[in-house]
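Presented below is the structure to which this report refers.
The values are calculated or read from the model by the stated rules, or taken from the named source; none is laboratory data. None of these values were measured; they are calculated from a predicted model. Virtual Cβ from ideal backbone geometry, glycine too; neighbours counted across all protein chains shown. These area figures cover heavy atoms from the full protein model, side chains too; ligands, DNA and RNA do not enter into them. Shrake-Rupley method; radii C 1.70, N 1.55, O 1.52, S 1.80 Å.
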Amino acid sequence: MSDLAELSVTDAASAFAKGEVTAEAMVRACLARIDAHDVKVNTVIRLDREAALEAAAAQDKARAGGVALGKLAGVPMMHKDMYYRTGKVSTCGSKIRRDFTPTVTATALQRLDAAGAIDMGTLNMAEFAQNPTGHNAHFGDCHNPWNLPYCTGGSSSGSGAGVAARFFAAALGSDTGGSIRLPASICGVTGIKGTQTRVPRTGVMPLSFSMDNVGPLTRTARDAARVMTVISGSDDIDPTAAPEAVPDYEAALTGDIRGLRIAVPHEWFFDSADDIVVTAFEAALEVLKARGATVDYVACPSLRAIGAYVAVVSRVEGATIHANWMRDHPGDYAIHLSGRLYGGYAIPGTYYLEALSRRGALLRQFCKEAFIDHDIVATPTLRMRVPTLAETDIDVDPAANWARHMAVSANTRPFNYLGLPTVSVPCGLDDRGLPMGLQLSARPFGEGRALMVADAYQQDTDWHARMPPLA
Amino acid sequence: MASEPVPPVMEAIRLWTGVECPNAAGLRSLDDFTALIQEFEALRGTLVFEDEPSSFEAALRAEAEPGA
């Protein structure tokens, strides 16, 4: 390995545990890479250079002293700038919170700290996590490291772009309508949102109470399994966090998917899909079939209702949270965001409550349609090829770009309404050299199953190992 | 040009929330609701009298991955 910044989470942790590398050397390698390339990609909001080196030195000292090492000891990470850390500014990608200094540290960050991960700072993101493309009017747009004029996907734009560019081994993102899986797919990395409530949300900026999720973006499914094992589980402060015991997701990555039954819904996910996306998706299915899985196309008529309801829940909850600022400081938002939030005030309360009230029934119906005879639902993560920043920029031209902008998250949103654990893994490059993603969803609390299939796929492909030409 | 229902909706928002339409993107966002209303029209009659939001957490557990 010529560059320590290229190490995956598990490889970095393993090399550190064996004494083959110091945490300080890994952090310095990542810092050097950021210094060399981030001027083009624009992933970083705050780089905690000295704090990261001090944390790395502490891990090196602990190892030298024979202290038991955590699962992520020495692994360099950065996180979307909406995970609160006491005393550190958390901008949430906004002008409104440019000076917001929280008095709490996110539970997910506390767990990563305890596992020995090195937090190097905070990452660019869509303003208040509210767009699927990664545009940011206040900190500048994040650029796709595979091809700079193209969008990164959002809202966890810096998380996806930075992991792809090998600026750090992993990053936390958040996912309310696809904000982990979209940048994972578009930047060619792996991302997972867990079952709704699987990871506590204490100390995390809210967007939509009902559908927000915390999760990692990494290079491999094995890395994602390692991080999810660390951050999942009940929390004394977040009463919504699921109390179910957390398995060791990594231990389940056997690669054995013989007999696995994969369902592909006829509906929704292929509406107006680009041919090259469908071709890549079908090729990914062939890889899984060669490992012993079977694939069936199934009818899921519930998806039409799910598609209508999911749009209502996030828009109403987002508009509610932002009401005071929308009254008092509407000009402090980017044009696309204040415009999007504004629409939420027009939705009747009865629509919102209908959407929430039918969530349980529709989850049961979808499971009956998709999972009664199957273990995994597979779809493309995006229906379209990766768009450019310009052709999805609503601030410049809402009339021309609105529909394309909103279509980016069409295939990811349903799984937020359903609350299902869902992974995106890279499954190809399009004709312009931009990544495409395979989305794998499992039953509730089936994170281990989804990750196991993702890992099996990555054992037979190398899309996840490819690096953007930026490097 | 905003579609016909938009001006009264803007007035309702102002009355109920005190929020003014911020820009053209706000108008575009309201125009989206013509399609959303049609989608909800198609769903009329599907909400069951006893349905309640809290059943979602129960459904998550009822439909959980075996052995998880």
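Numbers below:
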| read-out | value |
| --- | --- |
| Residue match in the range A:280-297 (condition: β-branched (Val, Ile, Thr), in contact (Cβ under 8 Å) with a residue 24 or more places away in the chain and assigned to a strand (DSSP E or B)) | yes |
| Meets criteria (part of a helix (DSSP H, G or I) and in contact with a Leu (Cβ under 9 Å, 6 or more places away or on another chain)) for residue A:454 | yes |
| Filtered residues of the range B:15-61 (kept if aromatic (Phe, Trp, Tyr) and in contact (Cβ under 8 Å) with a residue 24 or more places away in the chain) | B:33 |
| Residue satisfying condition, being within 7 Å of chain A (Cβ to nearest Cβ), within 20 Å of residue A:314 (Cα to Cα) and open to solvent by 20 Å² or more (accessible area, probe 1.4 Å), within set B:63, B:52 | B:52 |
| Failed item, numbered, when residue A:211 is tested on (1) assigned to a helix (DSSP H, G or I); (2) crowded, with 18+ Cβ neighbours inside 10 Å | (1) |
| Among the candidates B:33, B:56, residue that is within 23 Å of residue A:311 (Cβ to Cβ), at pLDDT 90 or above and of a type in the set (A, V, I, L, M, F, W, C) | B:56 |
| Answer from A:347, A:262, A:276 - the residue that is assigned to a strand (DSSP E or B) and on the phi < 0 side of the Ramachandran plot | A:262 |
| Only one of A:182, A:112, A:172 that is modelled with pLDDT of 95 or more, surrounded by 24 or more Cβ atoms within 10 Å (Cβ to Cβ) and assigned to a strand (DSSP E or B) | A:172 |
| Answer from B:46, B:34 - the residue that is closer than 27 Å to residue A:395 by Cα and either β-branched (Val, Ile, Thr) or in contact with a His (Cβ under 8 Å, 6 or more places away or on another chain) (or both) | B:34 |
| Among (1) at the interface with chain B (Cβ under 10 Å from one of its Cβ atoms); (2) part of a loop (DSSP other than H, G, I, E, B); (3) within 22 Å of the chain's Cα centre (by Cα), the one test that residue A:382 misses | (1) |
| Number of the condition not met by residue A:394 [criteria: (1) more than 14 Å from chain B (Cβ to nearest Cβ); (2) surrounded by 24 or more Cβ atoms within 10 Å (Cβ to Cβ); (3) assigned to a loop (DSSP other than H, G, I, E, B)] | (1) |
| Test: residue in the range B:4-12 that is farther than 30 Å from residue A:252 by Cα and facing chain A (nearest Cβ under 7 Å) | yes |
| Residues satisfying the stated conditions in the range A:397-433, i.e. among the small types (Gly, Ala, Ser), modelled with pLDDT of 95 or more and open to solvent by 20 Å² or more (accessible area, probe 1.4 Å) | A:433 |
| Checking residue A:327 against (1) over 19 Å from residue A:93 (Cβ atoms); (2) among the charged types (D, E, K, R); (3) at pLDDT below 95, the condition it does not meet | (3) |
| Residue that is farthest from the other protein chains (Cβ to nearest Cβ) [pool: residues in the range A:312-356 that are open to solvent by less than 10 Å² (accessible area, probe 1.4 Å) and under 17 Å from residue B:53 (Cα atoms)] | A:317 |
| Scan of the range A:350-379 for residues that are in contact with a Phe, Trp or Tyr (Cβ under 7 Å, 6 or more places away or on another chain), of a type outside the set (A, V, I, L, M) and in a helix (DSSP H, G or I), ordered by number | A:351, A:359, A:360 |
| Close pairs from the range A:1-28: first touching a residue at least 40 places away in the same chain (Cβ under 8 Å), partner of a type in the set (S, T, N, Q), Cβ under 8 Å, at least 6 apart | A:8/A:218; A:8/A:220; A:9/A:218; A:9/A:220; A:10/A:220; A:16/A:22; A:16/A:59; A:23/A:59 |
| Leading residue by the ranking (farthest from the other protein chains (Cβ to nearest Cβ)) among those in the range B:13-37 that are closer than 23 Å to residue A:401 by Cβ and of a type outside the set (A, V, I, L, M, F, W, C) | B:34 |
| Filter result for the condition that a residue is open to solvent by less than 30 Å² (accessible area, probe 1.4 Å), under 30 Å from residue A:14 (Cβ atoms) and of a type outside the set (Val, Ile, Thr), over A:249, A:309 | A:249 |
| Filter result for residue A:239 (within 14 Å of chain B (Cβ to nearest Cβ), in a loop (DSSP other than H, G, I, E, B), open to solvent by 10 Å² or more (accessible area, probe 1.4 Å) and modelled with pLDDT under 95) | yes |
| The range A:370-379: number of residues that are away from chain B (no Cβ under 13 Å) and open to solvent by 10 Å² or more (accessible area, probe 1.4 Å) | 1 |
